[in-house]
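Asker: One structure follows; several queries about it will come next.
The values are calculated or read from the model by the stated rules, or taken from the named source; none is laboratory data. Computed from a prediction, not measured in an experiment: that's the story for all the values here. Backbone-built Cβ (ideal geometry, glycine too); neighbour counts: all protein chains shown. Accessible surface areas use protein heavy atoms only, side chains included; no ligands, DNA or RNA. Shrake-Rupley method; radii C 1.70, N 1.55, O 1.52, S 1.80 Å.
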Amino acid sequence: MSDKQSVSVIGLGSMGGALARAFLDAGHPTTVWNRTAAKADDLVAAGATRAATAGDAIWASDLVILCVLDYEAANALLEPNADMVKDRVIVNLTNGRPEQARRTGAWVTARGGAYLDGGIMAVPSMIGKPGAFVLYSGSGTAYERYEAALAAMAAPVYVGEDAGLAALNDLALLSAMYGAIAGARHATAMVGPERAPEFTTSLLIPWLRAMAAVLEPSEDEESPLDMQAVGLVNIAQGSRAEGVDDALLTHLLTPMRDIIAAGEGAVLTELVKEIR
Ligand code: NAP
């Protein structure tokens, strides 16, 4: 018998399957359930216990991880099992918005369970490895109790009692990621498919890593707005010259034009207009 916390994982898609695998690898007795039962087969072969229903999975462990496509699916799994939720800690790692997390949290709490909402800041191949982290919000008592077990999936980061805070921080971080990846895809389109692999490895990745440092709060203004406006216009025009759509950059120029119009001089306003 393992002395590790037993855990149930509901939802064994790309991410849920990786989470269940991480618990098994860390020696936690793990019960699994998935709507499409065959996705549990490899995990069961590796030592997991198959639950016949989602309700059985909730019943099987004090700590219940839920990781499905969206809140509609998560709520549809919880609601018919209202009687099972009492004294359980429901950790919902399904992506969603803060108000959805608060609503599901209130529903679980009203039925005598404790609720933690989570945002997974990793892709499945990162689960159980250094570098991955998961944001949690909701019951601080439940978090303290299960923090060590949750660490089997990824480094846990607690952001507060308001159940919506993990989702808020998750969506904000994903917004930064999508923005950065969109910029990176634009960059590789500019250099073209032939140069893109070498460009990505030797220039783009080191550049993005180095530039993350400029996000640190600082009083110094090393990059004046007029210089940035000129640069952006050049990038947009350079993109067009390579036959690459410049919508991403003209989108950035809109707030810059507004800042400039608010007091940085008519010359720059004219410059930015060139690109509209
Ligand atoms: P996925 O591979 O598409 O799996 C979706 C899961 O949801 C499957 O287990 C699926 O069951 C289940 N599901 C969907 N609708 C359902 C319903 N109505 N009733 C019961 N189960 C239902 O997606 P995933 O990558 O595992 O993503 C799961 C969650 O993790 C999402 O909220 C996602 O945002 C989050 N996440 C994913 C990643 C990633 O890179 N993959 C990264 C961070 C966070 P079936 O197998 O029966 O279809």
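Asker: Being more than 22 Å from ARG111 (Cα to Cα) and not assigned by TED's automatic domain parsing to the domain that holds VAL91: is that true of SER2 here?
Answerer: yes
Asker: Does GLY55 satisfy the condition of being within 14 Å of the ligand (Cβ to nearest atom), buried (at least 24 other Cβ atoms within 10 Å of the Cβ) and small (Gly, Ala, Ser)?
Answerer: On the way: within 14 Å of the ligand (Cβ to nearest atom): yes; buried (at least 24 other Cβ atoms within 10 Å of the Cβ): no; small (Gly, Ala, Ser): yes.
No: the conditions fail for GLY55.
Asker: For TYR178, are the conditions met, namely being among the hydroxyl-bearing types (Ser, Thr, Tyr) and either in contact (Cβ under 8 Å) with a residue 24 or more places away in the chain or in contact with a Pro (Cβ under 6 Å, 6 or more places away or on another chain) (or both)?
Answerer: Taking the combined requirement at face value, the residue does not satisfy it.
Asker: Return a yes/no flag: does segment 63-74 have any residue that is open to solvent by 60 Å² or more (accessible area, probe 1.4 Å), in a helix (DSSP H, G or I) and within 11 Å of the ligand (Cβ to nearest atom).
Answerer: yes
Asker: Looking only at segment 112-166, which residues are in a strand (DSSP E or B), crowded, with 21+ Cβ neighbours inside 10 Å and within 13 Å of the ligand (Cβ to nearest atom)? First the steps, then the outcome.
Answerer: Within segment 112-166, the subset in a strand (DSSP E or B) is 114-121, 133-138, 155-158.
Next, from what is left, pick out any that are crowded, with 21+ Cβ neighbours inside 10 Å: 114-120, 134-138.
Within segment 112-166, ASP117, GLY118, GLY119, ILE120, VAL134, LEU135 meet the criteria.
Per-residue answers, yes or no, for (1) more than 17 Å from SER125 (Cα to Cα); (2) in contact (Cβ under 8 Å) with a residue 24 or more places away in the chain:
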| position | (1), (2) |
| --- | --- |
| SER2 | yes, yes |
| ILE10 | yes, yes |
| PHE23 | no, yes |
| GLY27 | yes, yes |
| VAL32 | yes, yes |
| ALA37 | yes, no |
| LEU43 | no, yes |
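Asker: If you take the residues of segment 98-111 that are out of contact with any helix residue (DSSP H, G or I) (no Cβ under 6 Å at 6 or more places or on another chain) and open to solvent by 30 Å² or more (accessible area, probe 1.4 Å), which of them is farthest from ALA18 (Cα to Cα)?
Answerer: ALA110
Asker: Could you check, for segment 80-87, whether at least one of its residues is surrounded by fewer than 23 Cβ atoms within 10 Å (Cβ to Cβ), closer than 20 Å to PHE133 by Cα and within 14 Å of the ligand (Cβ to nearest atom)?
Answerer: Within segment 80-87, not a single residue is surrounded by fewer than 23 Cβ atoms within 10 Å (Cβ to Cβ), closer than 20 Å to PHE133 by Cα and within 14 Å of the ligand (Cβ to nearest atom).
Asker: Only one residue in PRO124, PRO98 is under 29 Å from ALA38 (Cβ atoms) and either of a type in the set (A, V, I, L, M) or in contact (Cβ under 8 Å) with a residue 40 or more places away in the chain (or both). Which one?
Answerer: PRO124
Asker: Then there's this: Which residue pairs have Cβ atoms closer than 9 Å, lie 6 or more positions apart in sequence or on different chains, and pair a first residue in segment 128-157 that is under 19 Å from ASN95 (Cα atoms) with a second residue that is of a type in the set (Asp, Glu) and open to solvent by less than 50 Å² (accessible area, probe 1.4 Å)?
Answerer: LEU135/ASP117; LEU135/ASP170; TYR136/ASP117; SER137/ASP117; GLY138/ASP117
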